[in-house]
Amino acid sequence: MLDKTAEHIVDRAIDGKAPTRDEMLTLMQIDAGSAEAAYVRWGAEVLGRRASGGQGQIYAQIGLDATPCPENCAFCSLAARNTPNKGRAEVPDDEVAHYASVFDEANVHLISLMATAAYGFDHFLRVVTAVRAAIGDDMPLMANIGDITTEQAHLLKATGVQAFYHAHRLSEGVITSIAPKRRLATISAVQEAGLALMTAVEPVYLGVSLEDIADRMLEVISQKPYCSGVGVLTAVPGTAMEREIPYTRRQAAHFACIMRLVAGTSIPFGTGCGNVVWADAGTNPRGRDLSTDPDFLRRDVRRLRKELVREGWEVPKRPLPQWFGAGEVEFAQTR
Ligand code: SF4
């Protein structure tokens, strides 16, 4: 029989009453393989389908460089402290534009351009211009780069960027060299400029308390991102965090479901309901080798589309019209 406390919290969340912080902590201590956790998962999916109108999304990410990054995050294979590579290493701009056109033709729903904090901002703007010329006018672009000012956020918007990924990470300032207030200032800057925010509670690992994870979930929900989730630590061999123990994927998924119960329908995508999948090209900070073969990238997007459909999501042919001002869901959180 289901534990009544968990059942009651989930039922109330479905009726629009978000769990309190204490209730979040109660749910977080449930065994992720239990019947109660399955009920939490069901509740999160009900809310996630309601929030997204039952739509699934395929996002593509292109890593622009592998230059040693001065921000030195302990978990990152591209951090200067973690890499024997001492020189600049950038994917040529025309290759980036080519990957973007392949993803555009494969009908993904957003393209993210990711660069280390060592990548020049003016160079990034030039790449955005080249990519914009290579993709459809209806394809949203997301920047995933280092901290920026409000002025730079406005420049990104004017150059053709619609969204920005940025996380105020767990243990920020301890496992990274970045003061938390710098991360939060960037999030304010991008929202001030009218860019939609994607963010996450990351990296979750056993060295972080449940209270800290719950508090970060509440912070993220208050930032009103259009897409979010819980990112488990990838303990990359050779990095300063290779010996840290990540939560299991099942446990991290359980946390994401609890976050969805609290967020309700306020976050359209991700966050415990499995309606966002990713295709990757270029460099990445987790030490994985990525394929650069266009045929592989096309096949990968087709595979992801089938996966979403099999899970019962409606997958639109092209990006949602809301990105460019039409439709009902407001993505950009202008203040
Ligand atoms: S996670 Fe990002 S900011 Fe941190 S070292 Fe890696 S590339 Fe730099």
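The figures follow:
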| item | result |
| --- | --- |
| Residue in region 131-149 that is within 16 Å of the ligand (Cβ to nearest atom) and surrounded by fewer than 18 Cβ atoms within 10 Å (Cβ to Cβ) present | yes |
| Any hit, region 76-86, residues being more than 13 Å from the ligand (Cβ to nearest atom), of a type outside the set (A, V, I, L, M, F, W, C) and surrounded by fewer than 14 Cβ atoms within 10 Å (Cβ to Cβ) | yes |
| Number of the exception - ALA167 against (1) buried (at least 18 other Cβ atoms within 10 Å of the Cβ); (2) in a helix (DSSP H, G or I) | (2) |
| Pairs where the first residue, in region 107-122, is under 19 Å from ASP147 (Cα atoms) and within 14 Å of the ligand (Cβ to nearest atom) and the second is assigned to a loop (DSSP other than H, G, I, E, B) and hydrophobic (A, V, I, L, M, F, W, C), C-beta under 7 Å, 6+ apart | LEU113/LEU64; MET114/LEU64; ALA115/LEU64; ALA115/ILE145; THR116/LEU78; TYR119/LEU64; TYR119/ILE145 |
| Sole exception among (1) within 15 Å of the ligand (Cβ to nearest atom); (2) more than 30 Å from ASP300 (Cβ to Cβ) for MET28, by number | (1) |
| Strands (runs of 3 or more DSSP E) wholly inside region 193-286 that include at least 1 residues being away from the ligand (no atom under 16 Å from the Cβ) and in contact (Cβ under 8 Å) with a residue 60 or more places away in the chain | 196-198, 276-282 |
| Region 75-94 - residue that is part of a helix (DSSP H, G or I) and free of Cβ contacts under 8 Å to residues at least 60 places away in the same chain and, of those, farthest from LEU113 (Cα to Cα) | ALA80 |
| Filter result for VAL190 (within 16 Å of the ligand (Cβ to nearest atom), part of a helix (DSSP H, G or I) and under 19 Å from the mean Cα position of the chain (by Cα)) | yes |
| Looking only at region 87-106, and only at residues there that are within 16 Å of the ligand (Cβ to nearest atom) and either crowded, with 17+ Cβ neighbours inside 10 Å or not small (Gly, Ala, Ser) (or both), the one that is farthest from the chain's Cα centre (by Cα) | ARG88 |
| Candidates VAL46, VAL40, filtered to the one that is surrounded by 23 or more Cβ atoms within 10 Å (Cβ to Cβ), assigned to a helix (DSSP H, G or I) and not small (Gly, Ala, Ser) | VAL40 |
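The numbers here are math on the coordinates, done by the rules we state, and not lab data. Just so it is clear, the model here is predicted, and its values are computed rather than measured. Cβ sites come from the backbone with ideal geometry, for glycine too, and all protein chains shown count toward neighbours.
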